[in-house]
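First up is the structure itself, then whatever we jot down about it.
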Amino acid sequence: MNEISAYLLTIVGVVFLLVVIELILPDSKVSKYIKSIFAIFIVVVIITPLAKIINSNFDWNNIFDSMQYEVDETFIENISQDNLKLFEQNLEDYINQTYEGARVSISANFEGEGMKINYIYVDLSNLVIIENSQHINYYTAVKELVKKQVDIDEERVIVYG
C-alpha cells in the first residue's frame, strides 16, 4: 500500500509542477516545447511504476531486444523513386524559369541512404525561343544552369533536342 500512495503522490507532484510552470511561462514557442517535455515526463512517471507492479522483473532492454525488425524494400524503393521524380520536377522548374519548354529526366542509383546521379538528360525539343535570344547556345547555357543547381560533372549532363 505504501508503494501505491508514493506512486499517486509522485503523479500529483509532477502534474502540480506542470501547472505551476504553465502559469509562470508566457505563451510562446518555448513554452510549448517545455509543456511537451513535461507531458512526456508525466507519461514516463505513470508507466514506469505500472510495469514494476505488473512484473517485478521488468527491464526496458527486454522490450527492445525482443523486437524483430524487417525492412520493406518495396516501400523504400517507392520512396526513393518519388524523391527522384520530385528532384526531376524541381530541376525542370528551375530550368524553365529561364528557358521554357525543357524536360528533365534523371538516371540514378540508390546506395544506402543516398542517391547517386548517373546522368541528367535535358530535352530541349519543345524549347520556346524568345526573339531577342535566338543566337544563344542553349545546350551550353542549360548545362551551366544544371551545374549551378546540381553538383555534377559536365560530361554527365546530356542536353539534346
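Here are a few things to note about the model shown:
- Leading residue by the ranking (surrounded by the most Cβ atoms within 10 Å (Cβ to Cβ)) among those in the range 83-100 that are at pLDDT below 90 and farther than 18 Å from Lys148 by Cα: Leu84
- Looking across the range 21-52, the residues that are more than 23 Å from Tyr7 (Cα to Cα) and out of contact with any helix residue (DSSP H, G or I) (no Cβ under 7 Å at 6 or more places or on another chain) come down to Leu23, Ile24, Pro26, Asp27, Ser28, Lys29, Val30, Ser31, Lys32, Tyr33.
- Any hit, the range 65-82, residues being out of contact with any Phe, Trp or Tyr (no Cβ under 7 Å at 6 or more places or on another chain), part of a helix (DSSP H, G or I), at pLDDT below 80 and farther than 30 Å from Gly161 by Cβ: yes
- Note on the range 16-30: among residues that are over 32 Å from the mean Cα position of the chain (by Cα) and surrounded by 13 or more Cβ atoms within 10 Å (Cβ to Cβ), the one that is nearest to Thr48 (Cα to Cα) is Leu17.
- Those residues of the range 102-161 which are aromatic (Phe, Trp, Tyr) and in contact (Cβ under 8 Å) with a residue 24 or more places away in the chain, in sequence order: Phe110, Tyr119, Tyr121, Tyr138, Tyr160
- When the strands (runs of 3 or more DSSP E) confined to the range 102-161 are screened for residues that are among the hydrophobic types (A, V, I, L, M, F, W, C), under 29 Å from the mean Cα position of the chain (by Cα) and surrounded by 15 or more Cβ atoms within 10 Å (Cβ to Cβ), those reaching at least 2 such residues are found at 103-111, 114-123.
- Residues that are out of contact with any Cys (no Cβ under 8 Å at 6 or more places or on another chain), within 30 Å of Glu77 (Cα to Cα) and among the small types (Gly, Ala, Ser) do not occur anywhere in the range 124-140.
The values are calculated or read from the model by the stated rules, or taken from the named source; none is laboratory data. Values in this document were obtained by computation on a predicted structure and should not be read as measured data. Backbone-built Cβ (ideal geometry, glycine too); neighbour counts: all protein chains shown.
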